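See below for the structure under consideration.
The values are calculated or read from the model by the stated rules, or taken from the named source; none is laboratory data. The structure displayed is predicted, hence computed values, not measured ones. Cβ placement follows ideal geometry from the backbone for every residue including glycine, while neighbour counts extend to all protein chains displayed. The protein model used for the area step is the full one, side chains on, heavy atoms only, and it has no ligands, DNA or RNA in it. Shrake-Rupley method; radii C 1.70, N 1.55, O 1.52, S 1.80 Å.
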Amino acid sequence: QRVTPERLLLPGPVLQVALGTRHGVLLVEGGQVYSFGQLTWRQSQVLELAKPILESALGGQRVVAVAAGSFHSGAVTEDGGVHMWGDNASGQCGLSGLSTVPNPTPVALVDADSTPPQTVPVLELACGEQHTLALSAQREVWAWGSGSQLGLNVAVFPVWKPQKVEHLAGRYVLQVACGASHSLALVRCLGPQDIHRPPVDKCRQCNQLLYTMTDKEDHVIISDGHYCPLGVELTENEGVLEAPALTQGLKMSPSEPVLPSHTSTSNSPAPTKGADLAQCSEKEDSAFANGALTASDSAPSAQSGVGVVLGVKSSAYPDEQTVQDYLRKLLEIHRLHTCLCFRQRLASSSPSSTLNSLVASCASAVGERVASTYEALSLKKMMTYLPSGVGRSRGPAGLKGVVGDNTTERVRLEDSMHAKKSSSTGDIREEEAEGLRRRLSLPGLLSQVSPRLLRKACRPRMRAVVLTPLGGSIPKAQEVFPTLQTEVWSWGHGEHGQLGHGDSLARLQPLCIKSLNSKEVVRVVAGAYHSLALTAQSQVFSWGSNIFGQLGHMESPSTVPRLAKLSEGIRVWDISAGERHTLLLADGDCFRPIIYYSGQQVKEEAKESHERHITNPLLLGYVSNVFAGGQCCVALSDMNVMGFIASLHELASAERKFYCKLCNIKTQIIRPLLDSALGQAATGLLHTLVGRFSLLCHLTGQHAASLTANLRRVRDVNSLLVLDHASIFLDSYNEYCSAVGNFQVMGGFHTLTKPSLDFFGKSPELLKRLSECSEENPTMADLLVVLFYLPTRHLHEYGRLLLKLATCFEVCSNDYQKLQDSCSKFEALALNLKRKMKDADYTFHFWKSFPGKMTDSLRKPHRRLICESSNKALTLQNAGRFSVNWFIVFNDSLVHAQFSTHHVFPLATLWVEPIPEEITCLHGLKVIAPEETFTLLASSPMEKTKWLRSINQSVDQALSGGAQDNVSGGSGHKPEPPISRTASHTFYKDGRLKEATYEGRWLAGKPDGSGVLKWPDGRIYTGAFKNGLEDGFGEFVAPNKTLHKNDQYLGHWKDGKMHGLGTYRYASGEVYDGSFQDGMRHGHGMLRSGKLNTSSPSVFIGQWLQDKKTGYGVFDDITKGEKYMGMWQDHLRLGTGVVVTQFGLYYEGAFKDNKMMGTGILLSEDDTMYEGEFSDDWTLNGKGTLTMANSDYLEGSFNGEWGSGLKVTGSYFKPHLFDTDKDKTRAVKLGCLCVCAEDKWRAVFEECWSRLGCEAAGRGENWKAWENIAVALTTSRQHIADSPETLSLSHSRTLESLEGIPKHVGPITMERHHTIHLYLLMACDTPLHPLGRLVETLVAVYRMTYVGVGANRRLLPQAVNEIKSYLNRQEGANSSALLLPVLLPRLYPPLFTLYALEKEKEDDVYWECVLRLNKQPDLALLAFLGVQQKFWPVSFPVSMAALGEKQQVLSSTKDPCFASAVETLQQISTTFTPSDKLQVIQLTFEEITKEVQSLLKQDFLWSMDDLFPVFLYVVLRARIRNLGSEVSLIEDLMDPCVQHGEHGIMFTTLKVSRTHLRIKLNPVSG
């Protein structure tokens, strides 16, 4: 046996050690595993090895973790696999059929619940004497082996196959540990990140509710202290359940009755009245934290007093009669003890008294009868009994009533009291935080609570301030930093109190140790029969067996966690436990690690001595880990190369020390001050400050835990969170310092002076010690200021230690640069926060020096003083003789005070310019605000420079939102703030913008750029501004109070008015889309109105002049079924125009006063026509001629409305049938009394020329037009960039391709013609190009005119002339050839419809002939049409031809003669322009020629006599339905230059073919 540490040399650095009773396992760098000690399970005969041997069975596997039980071992590989070896008598190796496992053997953890079953990867193992626990990658616990310490719902042991511990399902387990016969688990508290986990609300063993609740008249009782009846010790030899003993005499005072039991074999701790007192006192404010119901925190107090051995009855509880007798006695005691008082509390806080616990346990055990008796107790009968003179004492009071005097009983009672009290001795307001956490684990709780209780719960409580952040202090830090909100769960044997529940009962299922909640446990370890927990505050809690003093705090065992006794200033950061001893790794004033030992010791004389305290420390270098097991101890020490390890230890030690300091301040200073009676504003600021302090404290604790874990595992600079996540630290310190400054500025520390004197007395040594104040006689306010600014000093410590770490690396390395950069950030922030502290102090003294109503109104927490002119350094130019002008510059505004009035100018909308002194000879500053401009005069050039710099720096900081403060420290400001900026302002002067709020871009005091303008009455403008007015593209919304809807305009603005293209949607439902000028409709536009179908309202499209219809326009009146096309003036029809109706009526003529008045022509569908005078719509009045469809006519005077009877005075003429000359004289040509095509849509073309910078077509500079096009395209691309969702990707690409200007100067070649043609196609394809906008508008007006009611055959000539006018108004060479292919495809549907209507009768005759002749076979049709046989694509027998016999043409099928020519001609219906249609005709002739030449096998020259019959055959077989319309369209729109060429001859052939089919070959016509 070795009693002094000895160094052990191995092939590589040791990463981890695991110790069993007489053996150990070493994990070496590289993943190799060595074993040493008594390896009795190995096949070799060596009982004890002198040196470690390699476990060769693990070769090829990289091991990342090892564990050792009493007589078995385990290893976890890199891929999450588990290997076990050693003693397997109890199944602890997870391999059935083997008593021992000599070599590491794989053990699979298979999740049978998944489909298909999957292997579960493992993170770490823990081994006990007869069991093994595994923590999976899903943070679930698996167990195998024997004993209640498995936590499994099984009745037969051993458990050979690993099984999941279902009771911990749904929880995030951080660590597991195994004692000889008990288990521990460190679990993260349920938080928002665990909401998705399924809640466990029933015991998986007995299927009873884990949480019970009783809703009374005015209170609710909630208990989560469920104790499973099956959760008792399982004796393996008998296979029956045996309950641990009941406590002898559960008596709290001489007057309370004792609950008898059947059998009692040993004592178990019983809570005392004093414990109840402490619990009540500490938990008073936790019942309704933050206005919500808090769950019970009552540890397992419901189990601590009840337990019997199975006797004649199967129940583990007293019989029902006993319980009823006990309850009856309790009622009598309550009536007799009138001197006892109670504190009225909601039972939702911990039912901490033994009375509550006992009644709850009994009621849940004996069924409905006892439950009803239990519920019959009133609220007063359920309250905790308190001695009348105790009050709110927080000490361990009330022990006088304890019966019995022996030491063991006293210790156990004290343990029980500590179990209930310990949850209140840690963090500030931890009860609220704990209550909130516990609420998350009560599924569906609030839904069952009575309404009266909820009303009571919702009462505001000013003191419900949770200072322990839940779910991570900072959102970014939740997943990055280790959690501090943990719980410790234990299960297994508890005869030594090693479970920590305040009793000696066994637990078959995991149970939370309530007294360790909110203690921030970061690590748990288990000895053979005792347990340890290490907290983030470097405290150690221990419980269980203490025979050899291994607990480190008492001579007696403890059944609840108790704080280990350590010297002040000793901070423990690693723990380990052996069979009868404990190892602690700590640091004190020096950061060098110290090892403390407690427990059984062996002296050199080999005599055992039982030490019951922590022994003197051992110094073994820079130890990173300690391990204990059996009777051995191991410490891992690192080589301090280049001082790197020492620097890491110093950084971690400093952070732990700092965290402990913050916790002391929070507990000893902040907690008492929170109860101070301050004003509402000061209280709110104090709570904000304390909240920031708590967040900073929590972050520090998380960082300390991370640094400690880094020391124990990695020891690598790249894993330091302070480097990768420095922004989290910087932001936290910056926000905390701002909160302190805000509180100081508002005089919060002076307000706290009196409460602080009341708490700490006139000699506050505690404050001096914690604040590290060096002044001799500081005031209480100064002490508080120094104390709350104390955390900011730690930034220098970060900088110093990071710089010290950096010196361990080469200057050129990345690690050095990373550490140096982080050091610079912390040092810069420290300087910046120091400046902010001075600013806050300066501002506070300013408010203190100038008290008054005005300054009080200006005093705000975030506001800091920059400079002020009380020394007359700055005055107002042209001020009155007796006027007083005081200028104050804050960090957010400039204040101009005059006598009792003052005006505040926000800095974000303030511009300051120096006035040249050579102009005025004065030291002036021009100040520009949105609505005011004034000049300030400084007393000297120095003062002028000072004020200019101060104001500009303040403006710059206000615009940046203080973002520069984090880095610059006030030294890196720009000389001048940007003249263009984004800010918000509410106008206060009279005018159009009074009380309107503008938020957006500014330029020199005026809105300029994009922004939003809102008026109080609901008007909103969103868009571009220029020089303070709406200018550019924007949206305007104005509410219509009458219709309770909004008017909306979306379009262009100029000088604050609607100007340019836009769309106005009126609240009445009307929509205007077109041009505006000076806020009125002006130019070309379309107005949709009407309350019928919204998809087809009445529409006007045409020219507007100063908000009125004036000029040419088309009005489609859906209600009347009429369409007007003509001139307007002041919303009235005036001048010439055309009206068509849905019934086929056609009118053209004069209009006046919105009526048909004057000379006009009216035609009906049956060709009846009237030409004469009109006096009203469709009303004839005056001389005229009425011509019938059969050419008869009336001449005379007409009076009456068309269609309802006419009065005629005149002569009736019936011309002779053969009087053709008379017919000719009666023919009337339409179109003479309508608007000529050149006068239509003038506004459309004028707008296009205006956008191009031209007065009219052909008048303007080419370069100016291209320049305007470039501006329009650039604006459009910018619009796409600002609103990419408004335009498609194709539009964006089109704009890019239009940036190049085609070559248009010089002679037009075919190549140049093609380039210009492609450019026009692309330009007309997007409305963002001026030409595209023109084409889009022309298409819209054309369709509007000739679609629907406008589809009248009599409008065909006007429609054709309108297209020609479009082309004629485009000046330029060959404009028709360039523009017609672009324009006609868009206008083709309505135009061709008019042609089809006009040629309907002729095409019907033609089509009838086509259908009739197409019934003939090919050869028959060829013969009928007179096609020469040599052109027939068939062969004749020579013999028949030689005999001269008449050939009989017989064909039962239609042979595909001239098929290619037929298919080609059919394409004429799929083309749009005349040139394309002529090209199809030409290709048809070519196909005919090809087929004939291939038939004749020689060149052939056509004659018309030969060609015409063949072409006629092709026309017939092509079956073109509207051939007449096609021919007419070509004839009307073809280029005149091709009429007499080859295309002209071919077109004439097609035209004659159609006429021949319609007239000559039609039997009716014939």
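Brief remarks on what is shown
- In summary, SER1451 fulfils each of the numbered conditions (1) of a type in the set (S, T, N, Q); (2) at pLDDT 70 or above; (3) open to solvent by less than 60 Å² (accessible area, probe 1.4 Å) with the single exception of condition (2).
- Residue in the stretch 784-791 that is open to solvent by 70 Å² or more (accessible area, probe 1.4 Å) and either within 39 Å of the chain's Cα centre (by Cα) or touching a residue at least 12 places away in the same chain (Cβ under 8 Å) (or both) present: no
- Each residue in the stretch 905-948 was checked for being surrounded by 21 or more Cβ atoms within 10 Å (Cβ to Cβ), closer than 19 Å to ALA1004 by Cβ and of a type in the set (Gly, Ala, Ser), and 0 pass.
- The test for being modelled with pLDDT of 90 or more and in a helix (DSSP H, G or I) holds for GLN1467.
- Of the numbered criteria (1) surrounded by 14 or more Cβ atoms within 10 Å (Cβ to Cβ); (2) of a type outside the set (D, E, K, R); (3) under 47 Å from the mean Cα position of the chain (by Cα), the one GLY145 fails is (3).
- Options ALA983, ALA1038; residue that is of a type in the set (Gly, Ala, Ser), open to solvent by less than 80 Å² (accessible area, probe 1.4 Å) and touching a helix residue (DSSP H, G or I) at 6+ places or on another chain (Cβ under 8 Å): ALA983
- Filtered residue count, the stretch 517-535, keeping only those that are open to solvent by 10 Å² or more (accessible area, probe 1.4 Å) and in contact with a helix residue (DSSP H, G or I) (Cβ under 6 Å, 6 or more places away or on another chain): 2
- Residue ID - farthest from PHE157 (Cα to Cα), chosen from residues in the stretch 487-500 that are touching a helix residue (DSSP H, G or I) at 6+ places or on another chain (Cβ under 9 Å) and either open to solvent by 10 Å² or more (accessible area, probe 1.4 Å) or not in a loop (DSSP other than H, G, I, E, B) (or both): GLU487
- Test: ALA180 is surrounded by 22 or more Cβ atoms within 10 Å (Cβ to Cβ) and part of a loop (DSSP other than H, G, I, E, B): yes
- Residue match in the stretch 489-504 (condition: of a type in the set (S, T, N, Q), modelled with pLDDT of 95 or more and under 39 Å from the mean Cα position of the chain (by Cα)): no
- Residue in the stretch 1046-1063 that is open to solvent by less than 80 Å² (accessible area, probe 1.4 Å), within 22 Å of PRO1097 (Cα to Cα) and not in a strand (DSSP E or B) present: no
One line per residue, one yes/no per condition, for (1) at pLDDT 95 or above; (2) open to solvent by 30 Å² or more (accessible area, probe 1.4 Å); (3) under 15 Å from VAL1347 (Cα atoms):
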| site | (1), (2), (3) |
| --- | --- |
| VAL1071 | no, no, no |
| GLY1074 | no, no, no |
| ASP1078 | no, yes, no |
| LYS1091 | no, yes, no |
| THR1094 | no, yes, no |
| PRO1097 | no, no, yes |
| ASP1107 | no, yes, no |
| ASP1116 | no, no, yes |
| GLU1122 | no, yes, yes |
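- Any hit, the stretch 76-84, residues being farther than 19 Å from ALA528 by Cβ and of a type in the set (Gly, Ala, Ser): yes
- Scan of the stretch 1510-1527 for residues that are in a loop (DSSP other than H, G, I, E, B) and either more than 15 Å from LEU1394 (Cβ to Cβ) or among the small types (Gly, Ala, Ser) (or both), ordered by number: ARG1519, ILE1520, ARG1521
- Residues considered: ALA1423, ALA1459, ALA1441. Of these, the only one that is surrounded by fewer than 19 Cβ atoms within 10 Å (Cβ to Cβ), of a type in the set (Gly, Ala, Ser), modelled with pLDDT of 80 or more and over 26 Å from ILE1559 (Cβ atoms) is ALA1459.
- Some residue of the stretch 809-820 being at pLDDT below 95, in contact with a helix residue (DSSP H, G or I) (Cβ under 9 Å, 6 or more places away or on another chain), outside any helix (DSSP H, G or I) and more than 30 Å from PHE644 (Cβ to Cβ): no
- Selection of the stretch 739-770 for residues being open to solvent by 40 Å² or more (accessible area, probe 1.4 Å) and under 46 Å from the mean Cα position of the chain (by Cα) yields MET746, HIS750, THR751.
- The set of residues in the stretch 892-906 being without any contact (Cβ under 8 Å) to a residue 24 or more places away in the chain and among the hydrophobic types (A, V, I, L, M, F, W, C) consists of PHE899 alone.
- Pairs where the first residue, in the stretch 923-949, is more than 18 Å from ASN878 (Cβ to Cβ) and the second is open to solvent by 30 Å² or more (accessible area, probe 1.4 Å), C-beta under 6 Å, 6+ apart: GLU931/LYS989; PRO941/HIS923; LEU948/PRO914
- Qualifying positions in the stretch 1528-1558 - closer than 23 Å to THR1393 by Cα, part of a loop (DSSP other than H, G, I, E, B) and open to solvent by 30 Å² or more (accessible area, probe 1.4 Å): ASP1535
- Just one of the listed residues (LYS825, LYS804) is crowded, with 19+ Cβ neighbours inside 10 Å, touching a residue at least 60 places away in the same chain (Cβ under 8 Å) and touching a helix residue (DSSP H, G or I) at 6+ places or on another chain (Cβ under 8 Å), and it is LYS825.
- Of all residues in the stretch 1208-1231 being within 28 Å of ASN1352 (Cβ to Cβ), exposed (fewer than 10 other Cβ atoms within 10 Å of the Cβ) and modelled with pLDDT of 55 or more, the one that is nearest to the chain's Cα centre (by Cα): LYS1229
- Residue, most open to solvent (accessible area, probe 1.4 Å), within the stretch 9-42, restricted to residues that are assigned to a loop (DSSP other than H, G, I, E, B) and either under 21 Å from ARG62 (Cα atoms) or without any contact (Cβ under 8 Å) to a residue 12 or more places away in the chain (or both): LEU9
Condition check ((1) surrounded by 16 or more Cβ atoms within 10 Å (Cβ to Cβ); (2) under 23 Å from LEU803 (Cβ atoms); (3) without any contact (Cβ under 8 Å) to a residue 12 or more places away in the chain) across all residues:
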position: ASN664; (1), (2), (3): no, no, no
position: ILE669; (1), (2), (3): yes, no, no
position: LEU674; (1), (2), (3): yes, no, no
position: LEU685; (1), (2), (3): yes, no, no
position: SER694; (1), (2), (3): yes, no, no
position: ALA704; (1), (2), (3): yes, yes, no
position: ARG715; (1), (2), (3): no, yes, no
position: SER719; (1), (2), (3): no, yes, yes
position: VAL722; (1), (2), (3): yes, yes, no
